[in-house]
1. Find the residue count for the range 196-219, including only residues that are among the aliphatic types (A, V, I, L, M) and farther than 20 Å from ILE357 by Cα.
2. Would you mind finding the one in ALA337, ALA356 that is surrounded by 19 or more Cβ atoms within 10 Å (Cβ to Cβ) and either at pLDDT 75 or above or assigned to a loop (DSSP other than H, G, I, E, B) (or both)?
3. Determine if the range 136-150 includes at least one residue that is at positive phi and in contact (Cβ under 8 Å) with a residue 60 or more places away in the chain.
4. Considering each of ALA133, ALA138, ALA102 in turn, give the residue that is within 23 Å of ILE339 (Cβ to Cβ) and of a type in the set (Gly, Ala, Ser).
Amino acid sequence: METPVEVKPTRVASGFLDDLSETCKMGTPNGRAMCKSDDEVPFDSEINFHLSESILVDVRGSHSGESQTARHETLAGIIYKSIRVVVFSNKLNLLMPFGPLAILVQKLTGHLGWVFGLSLLGIVPLAERLGYATEQLAFYTGDTVGGLLNATFGNATELIISIYALKSGMTRVVQLSLLGSILSNMLLVLGCAFLCGGIVNHKKEQVFNKAAASVNSGLLLMAVMGILFPAVLHYTHTEVRVGKSELSLSRLSSCIMLVAYVAYLFFQLKSQRSLYVSVNEDESQNGNNSNDDESPDISKWETLIWLSVMTAWISILSEYLVGAMEGASMAWEIPVAFISVILLPLVGNAAEHASAIMFAMKDKLVRFQFLYSHM
């Protein structure tokens, strides 16, 4: 007498049957066919195995398609949000179309006065957005490194303009723009920072680090001496070798200032970093963040991408700006000295000017000192 063998579903088949029940609920065509056949045909492990395998492929395919669509939608949402925050969140960005318009006018008409004016207006919002991007990056780096980044990228506009001016042989323009930059930083920016910071924080006394301020004053004195001594040799005619002593002293001064700047960075970031760490940054490192209301608007990688895009676009417009400077001076009957001393420093340092005033208004005097020392 033969003993009847009870057929039990294997583990694989039972797993497929679980997926099958979910597919029936989803209402796919294959799922409905499987539900119908399951009511009419007795259980057969082999048949159910192959049929369940086909249903599982259908389910996995639908899930993978949905995940890819979700990924694309998420990426598109991130790009849209980033553009909306960076480009459309500031009214000053209404001047951005003047940049492409300057290139178009240069190609079509060649009117240097219009090209210079449009390029100047187009650089202003880019310099401001450059400062905004470095401000966002500072959320991920801390106050000290954030101030260094802001100073570095804030000077990018002026540095690019000066490089193009030197390539065009306009040495006097570079000299005058440096003079205008020093005057605007020492008088205009510092005065605006004191005024705005005092108005916004009128209920409390703003304090700063005396030791850090002394170091900044020493560096400022070194920069003034580096400019003054070659000028004294030139105008007093006291050179040992005419034309060569002045050049040698100027080159030596520039090398000394570069070495002093590197030493100053080491002093700020390594040896005496405690002098430049604000209370807010120290609390955030200890886990007690007092500025919970402030958070970055964009991610770190978005910030780096925007910094690259803004710097490249400023470089393009600076070339058109420098090329049209002399023509604009003749067309508008404005001296090149006025353009170099007044207009170029205001545009080139717009990001630093805005950032320094903003730090003073937010009572972030550590970052204000750091930024002001690098101007």
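The values are calculated or read from the model by the stated rules, or taken from the named source; none is laboratory data. Predicted model, so just to flag it, every value in this text is computed and none were measured. Here Cβ is always computed from backbone atoms with ideal geometry, including for glycine, and neighbour counts include all displayed protein chains.
1. Taking the range 196-219 and keeping what is among the aliphatic types (A, V, I, L, M), we get 199-200, 207, 211-213, 215, 219.
With the extra rule that they be farther than 20 Å from ILE357 by Cα, the set shrinks to 211, 215, 219.
Total satisfying the criteria: 3.
2. Details: ALA337 fails: surrounded by 19 or more Cβ atoms within 10 Å (Cβ to Cβ).
On inspection, the qualifying residue turns out to be ALA356.
3. Let us first name the residues in the range 136-150 that are at positive phi, namely 142.
Among the residues that remain, those that are also in contact (Cβ under 8 Å) with a residue 60 or more places away in the chain are: 142.
Yes, there is a match, as at least one residue in the range 136-150 is at positive phi and in contact (Cβ under 8 Å) with a residue 60 or more places away in the chain.
4. On the way: ALA133 fails: within 23 Å of ILE339 (Cβ to Cβ); ALA138 fails: within 23 Å of ILE339 (Cβ to Cβ).
None of the others qualify; the one that does is ALA102.
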